[in-house]
1. Cβ contacts < 6 Å: first residue within 13 Å of ILE168 (Cβ to Cβ), restricted to segment 2-20; second residue among the β-branched types (Val, Ile, Thr), any location; separation 6+ or different chain. Result?
2. Quick one: would you say ILE174 is at pLDDT 95 or above, outside any loop (DSSP other than H, G, I, E, B), within 12 Å of ligand 2 (Cβ to nearest atom) and not aromatic (Phe, Trp, Tyr)?
3. Answer yes or no as to whether SER87 is among the hydroxyl-bearing types (Ser, Thr, Tyr), out of contact with any Asp or Glu (no Cβ under 9 Å at 6 or more places or on another chain) and in a helix (DSSP H, G or I).
4. Suppose we keep only residues that are β-branched (Val, Ile, Thr) and within 19 Å of ARG88 (Cβ to Cβ) within segment 41-58. Which one would you say is nearest to ligand 1 (Cβ to nearest atom)?
5. Checking ILE40 against (1) within 16 Å of ligand 3 (Cβ to nearest atom); (2) buried (at least 21 other Cβ atoms within 10 Å of the Cβ), which single condition isn't satisfied?
6. Being more than 16 Å from ligand 3 (Cβ to nearest atom) and surrounded by fewer than 18 Cβ atoms within 10 Å (Cβ to Cβ) is the filter here; which residues of segment 51-77 pass it?
7. Return the residues of segment 15-33 that are more than 10 Å from ligand 1 (Cβ to nearest atom) and in a helix (DSSP H, G or I); say none if nothing qualifies.
8. I'm trying to understand the selection: among the residues of segment 144-162, which are within 21 Å of GLN190 (Cβ to Cβ) and either in contact (Cβ under 8 Å) with a residue 40 or more places away in the chain or among the small types (Gly, Ala, Ser) (or both)?
Amino acid sequence: MEKSPSHIGIIMDGNGRWAEKRGLIRTQGHLEGLKTAKRIVKAASELGVKYLTLYAFSTENWKRASEEVSFIMNLVKQYLRAEFEFSRQNRIRTRYAGDMAALPPDIQKELRQSIEDTGSFDGMQVILAINYGGRDEIVRSVRKFYQNNQGMNISEKDISLYLDNPDIPDPDLIIRTAGEYRTSNFLLWQGAYSELYISEKMWPEWEKEDLEEAIASFQNRERRYGGIKTR
Ligand code: IPE
Ligand code: IPE
Ligand code: MG
């Protein structure tokens, strides 16, 4: 039996489909998805999760209509502002993964503020992956390594050390909602041995019980890391 996952990553997918199924516009789905994100952060914190990485916007999501992109960016801002009191009460620390430099300046400012304001909180850490791509993160890591270590041989450990949050352990469990069986560029390096859980439900439909089910499924997995089962 596995213990509870300490780090859970979630690919929050299906906002658009959720809305379209109801005859609503896609942005309505993102609004509902934001409510779900708040609900699941609360649930994860109650369930004792230590790190929760939320995939909110990928390096590929810029391909979408500019209206949808700016709507999502504004939701991020709202989330950061509105959640400070909840974060303070629950000691939740905000972190970031991705290439922040390409985000709109007001979002960057809000993110930096939230990271700073919650920096001393010792509860669950919520890592917001916004303009995040696993490949992009690896490239940025390798570049940073060579800026500091010219002419050296790079190792796996070096790449790990130059990723966005080298102090955070690899995710034990990666959840994807909306029934898609792919990673879509999420935590490629860190997810090498993560257990995967796919939920058919759309993200706006996700509840605490769904997270509990995913954790229960994780607890029945046997993680071998390429080794052989020890009895
Ligand atoms: C996930 O929902 C949110 C983001 C990728 C920003 P989608 O917007 O991808 O919803 P679907 O996949 O179109 O249903
Ligand atoms: C993955 O969802 C990215 C996020 C949830 C932020 P997408 O909807 O962008 O992924 P694809 O296009 O279905 O692979
Ligand atoms: Mg999608």
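The values are calculated or read from the model by the stated rules, or taken from the named source; none is laboratory data. Remember, it's a predicted structure, so these values are computed and weren't measured experimentally. In this analysis, Cβ positions are derived from the backbone assuming ideal geometry, glycine residues included, and neighbour counts consider all displayed protein chains.
1. Matching pairs, first to second residue: ILE8/VAL49; GLY9/THR53; GLY9/ILE174.
2. Yes: the conditions hold for ILE174.
3. Criteria not met by SER87.
4. Of everything passing the filter in segment 41-58, VAL41 is nearest to ligand 1 (Cβ to nearest atom).
5. Failing condition for ILE40: (1).
6. Selection gives SER66, GLU67, SER70, ASN74, LYS77.
7. GLN28, LEU31, GLU32
8. SER155, SER160
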